[in-house]
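Data block below; observations after.
The values are calculated or read from the model by the stated rules, or taken from the named source; none is laboratory data. For clarity, every value in this text was computed on a predicted model and none was experimentally measured. When we count neighbours, we look across all protein chains shown, and the Cβ atoms used for this are built from the backbone with ideal geometry, even at glycine.
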Amino acid sequence: MSSDREIVCSRIVFPDSEFDAKKGRGEIPGFPICNCAIEIDENNQIIKHRLRAPYPQRPPWDRGTQYLTVGFALGAEAGSFMHAFPNWLFPIPAIDLYAEYLVIHNSEMVKAAGGGSKQPGPSLIQACRRYGVPTLDPDYKEAMRELAFSKTDHTPEEITKLEDYCLDDDCASTLRLFFKMLPYLDLLRAPIRGAFMMEIERIRWRGKPIDTVLYQETKQYTPLILPKMREDLNRKLGAEVYFAGVFERRMMLRLMRQHNIPIPIDPKTGNESCATKLIKSMIETYPLLKDFYEDKRMIDAIKNLKLEIGSDGRNRCWLNPFGTKTGRNNPSTNRELLGLPHTMRSFMKPGPGMAIA
Amino acid sequence: MTKPASSEKVIPITVGKPSSIASFIIDQSHMEEFTKTEEEKSSAVKCERPPKGTFFTVPKEEKDEEGKVITPNSRLVFLLELPGRETYLLTPAIANKHSDEDVIRPALLVRYVSMLAEEGLWPVKLDPADQKPNSWNVSARNIVKAAIGAWVRIISKQKNGQYRHSVSPKSIEQEKPKFSNRSIDDLIDAAYDENHRVHDDNHEVWTILAEGKAK
């Protein structure tokens with residue numbers, strides 16, 4: 001019986017879908033070519049679900065009795081659910097093994113990245129290998145992904161092929177991975193993370209409205225703006241930390257020594273460094289570093305401006321949930337608007353009648 | 001497709017209900033010390049020279065219409081310092097009674113706050129009237145004056161036997177100091193608890209001075 005804080009599930013469902021993620025283009029992911037699931041039912045029997053357009057109102061595994069949804073990077077499935085079952089609520093409870101992996105292996109991933117940041121999250125294949133779970137041939141996987149992404153008018157045979165791949169590779173691998181990871185999962189809290197992983201995809205879909213005219217102008221005039229910004233920083237610091245457009249690290253380190261400012265050591269290389277991420281904690285103590293930090297970040301951001309903007313003028317980017325060592329979102333610092341320096345947030349421009357997004 | 005045998009024991013499976021998120025909070029009250037504001041967590045106030053390399057400022061004294069100080073930024077006190085042990089705050093009467101002890105000396109406890117919002121008291125030593133001024137003490141007092149209304153940091157010049165200071169280009173208006181609402185007397189109370197105050201001859205510090213260790 002379920003209590004106020006616990007839910008007893010008599011079935012487990014492992015869904016997966018095939019679609020064009022339109023990665024790096026700032027677009028909403030494509031309509032799912034197929035939505036499949038492996039279900040372990042009340043009698044401990046395996047049921048394979050194969051769904052393709054036209055989709056029913058709700059998936060067939062949602063049939064009254066309580067079930068647990070388990071996936072790997074459930075945000076992708078959340079997108080397919082929003083396309084295929086627009087009036088259906090996200091399944092509760094749900095466990096995302098990607099999020100759980102990032103939580104369980106946090107210390108190890110931070111250590112591997114040198115202590116200052118965290119390794120990128122694993123793919124399903126990488127997670128399976130970590131837990132000794134057999135997976136399908138990577139070449140076959142790549143061929144199927146190519147088939148899903150390269151066209152929109154799939155033949156019924158091609159869709160069947162993709163359904164087979166979806167069930168026998170991703171769903172089955174996720175099922176095996178779940179049972180391997182089960183002893184390490186915090187089952188009380190994992191569904192909170194699972195719900196977050198799906199809702200964050202809804203936020204990503206919404207995107208942020210960009211003043212595309214201003215953005216294009218900025219890109220166009222970047223070659224003219226950058227030298228002025230570099231000269232400005234040189235003037236503020238009273239030293240040529242930029243010479244002929246190139247950042248002179250040694251000059252900056254010398255400047256820090258002249259001002260009796262302690263120089264951080266990069267934990268990865270063991271060398272002295274003036275990297276902005278290492279001096280961030282010092283900028284309130286040393287005004288000179290604050291000027292350097294703000295301007296250097298701005299110069300680097302403008303130089304590498306790559307906001308992912310869709311055809312509707314909205315910025316959509318992978319928000320990288322649980323991507324920091326403290327478990328916060330860690331989106332790209334040049335592809336995601338809110339990852340840019342604060343002063344560049346004016347690229348966001350609400351449409352008529354909208355307050356923000 | 002075969003499912004792992006372990007699934008036999010898994011179904012039915014009990015998991016947390018996300019809507020009951022509040023009941024899954026992990027007790028982290030032991031971490032509150034790190035999340036409180038500086039004022040909240042500073043139940044103990046440091047009484048030492050502002051750290052090197054850190055800019056700090058001293059508040060301006062507030063005076064009434066008659067020129068009487070109503071909000072002082074420092075207090076003249078008597079401190080008893082035993083090398084390698086803690087420092088004690090003495091009442092003027094008991095300090096006067098034991099004036100022959102050279103470990104007792106007058107000091108000015110100056111209130112300061114760093115750019116990092118760390119508030120503390122700087123015990124600036126005062127030279128006895130019958131002795132030649134000590135250059136460290138004189139330079140420290142000069143830095144206190146310079147720190148009123150400006151961000152400064154201390155630099156020790158061992159060769160010259162004195163402190164010098166560096167003034168930050170950031171003004172007080174640009175970088176506002178975060179003084180707490182406590183008075184200087186509140187800070188002194190927090191810095192010296194009851195065990196570190198000497199009111200009479202019954203305090204253990206007199207035994208230490210007389211016999212070498214407390215009973």
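Observations on the structure shown:
- Selection within the range A:159-185: residues that are without any contact (Cβ under 8 Å) to a residue 12 or more places away in the chain and farther than 27 Å from A:GLY30 by Cβ. The member of this set that is nearest to the other protein chains (Cβ to nearest Cβ) is A:PHE179.
- Hey, A:ILE38 within 19 Å of A:LEU162 (Cβ to Cβ) and within 14 Å of chain B (Cβ to nearest Cβ) or not: yes
- Verdict on A:ALA244 being over 27 Å from A:GLY115 (Cβ atoms), surrounded by fewer than 17 Cβ atoms within 10 Å (Cβ to Cβ) and either away from every other protein chain (no Cβ under 14 Å) or of a type in the set (Phe, Trp, Tyr) (or both): yes
- Checking each residue in the range A:72-99 for being more than 17 Å from A:CYS171 (Cα to Cα) and aromatic (Phe, Trp, Tyr) picks out A:PHE85, A:TRP88, A:PHE90.
- Residue within the range B:27-41 that is over 30 Å from A:VAL8 (Cβ atoms), more than 14 Å from every other protein chain (Cβ to nearest Cβ), in a loop (DSSP other than H, G, I, E, B) and modelled with pLDDT of 85 or more present: no
- A search for C-beta distances below 6 Å between a residue of the range A:1-30 that is farther than 27 Å from A:THR160 by Cβ and any residue that is of a type in the set (A, V, I, L, M), counting only pairs 6+ apart in sequence or on different chains, returns A:SER2/A:VAL8; A:ILE7/B:VAL15; A:CYS9/A:LEU68; A:CYS9/B:ILE13; A:GLY26/A:ILE309.
- Hits in the range A:70-108 - residues which are assigned to a loop (DSSP other than H, G, I, E, B) and more than 15 Å from the chain's Cα centre (by Cα): A:PHE85, A:PRO86, A:ASN87, A:TRP88, A:LEU89, A:PHE90, A:PRO91, A:ILE92, A:PRO93, A:HIS105
- Scanning the range B:154-167 for residues that are in contact with a helix residue (DSSP H, G or I) (Cβ under 9 Å, 6 or more places away or on another chain), surrounded by fewer than 17 Cβ atoms within 10 Å (Cβ to Cβ) and free of Cβ contacts under 8 Å to residues at least 24 places away in the same chain returns B:LYS157, B:VAL167.
- Taking the criterion of being of a type outside the set (Val, Ile, Thr), in contact (Cβ under 8 Å) with a residue 24 or more places away in the chain and farther than 17 Å from B:VAL124 by Cα, the only residue of the range B:79-96 that qualifies is B:ARG85.
- In this structure, B:LEU187 does satisfy being part of a helix (DSSP H, G or I), touching a Lys or Arg at 6+ places or on another chain (Cβ under 8 Å) and not polar (S, T, N, Q).
- Among the residues of the range A:45-64, none is identified as under 28 Å from the mean Cα position of the chain (by Cα) and free of Cβ contacts under 8 Å to residues at least 12 places away in the same chain.
- Of A:PRO156, A:PRO138, A:PRO134, A:PRO191, all but one fail to be surrounded by 20 or more Cβ atoms within 10 Å (Cβ to Cβ) and either in contact (Cβ under 8 Å) with a residue 40 or more places away in the chain or more than 10 Å from chain B (Cβ to nearest Cβ) (or both); the exception is A:PRO191.
Residue-by-condition table, conditions (1) surrounded by fewer than 17 Cβ atoms within 10 Å (Cβ to Cβ); (2) within 14 Å of B:VAL77 (Cα to Cα); (3) out of contact with any His (no Cβ under 9 Å at 6 or more places or on another chain):
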site	(1), (2), (3)
B:LYS97	yes, no, yes
B:ARG111	no, yes, yes
B:ASP130	yes, no, yes
B:VAL152	no, no, no
B:PRO169	yes, no, yes
B:ARG197	yes, yes, no
B:LYS213	yes, no, yes
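- Check on B:TYR88, modelled with pLDDT of 90 or more, outside any helix (DSSP H, G or I) and farther than 21 Å from B:ASN195 by Cα: no
- Among the candidates B:LEU121, B:LEU126, residue that is within 21 Å of B:TYR192 (Cβ to Cβ), without any contact (Cβ under 8 Å) to a residue 60 or more places away in the chain and of a type in the set (A, V, I, L, M, F, W, C): B:LEU126
- Criterion applied to A:LEU305, A:LEU337 was being over 20 Å from A:PRO29 (Cβ atoms), touching a residue at least 12 places away in the same chain (Cβ under 8 Å) and not hydroxyl-bearing (Ser, Thr, Tyr), and the one residue passing it is A:LEU305.
- Any hit, the range B:170-181, residues being touching a strand residue (DSSP E or B) at 6+ places or on another chain (Cβ under 6 Å), closer than 17 Å to B:GLU48 by Cβ and touching a residue at least 40 places away in the same chain (Cβ under 8 Å): no
- Yes/no for A:LYS180 being of a type outside the set (Gly, Ala, Ser), assigned to a helix (DSSP H, G or I) and farther than 30 Å from A:GLU6 by Cα: no
- Subset of the range A:198-234 (residues that are among the acidic types (Asp, Glu) and in a helix (DSSP H, G or I)): A:GLU199, A:GLU201, A:GLU217, A:GLU231, A:ASP232
- The set of residues in the range B:99-109 being surrounded by 20 or more Cβ atoms within 10 Å (Cβ to Cβ) and touching a residue at least 60 places away in the same chain (Cβ under 8 Å) consists of B:LEU109 alone.
- Of the strands (runs of 3 or more DSSP E) lying entirely inside the range B:102-164, the ones with 2 or more residues being hydroxyl-bearing (Ser, Thr, Tyr) and in contact with a strand residue (DSSP E or B) (Cβ under 8 Å, 6 or more places away or on another chain) are found at B:104-114.
- Residues that are in a helix (DSSP H, G or I) and within 22 Å of A:LYS22 (Cβ to Cβ), drawn from the range A:149-177: A:PHE149, A:SER150, A:GLU158, A:ILE159, A:LYS161, A:LEU162, A:GLU163, A:TYR165, A:CYS166, A:ASP169, A:ASP170
- Residue in the range A:52-69 that is more than 28 Å from A:ASN315 (Cα to Cα), within 14 Å of another protein chain (Cβ to nearest Cβ), acidic (Asp, Glu) and assigned to a loop (DSSP other than H, G, I, E, B) present: no
- Residue in the range A:282-289 that is away from chain B (no Cβ under 14 Å) and assigned to a helix (DSSP H, G or I) present: no
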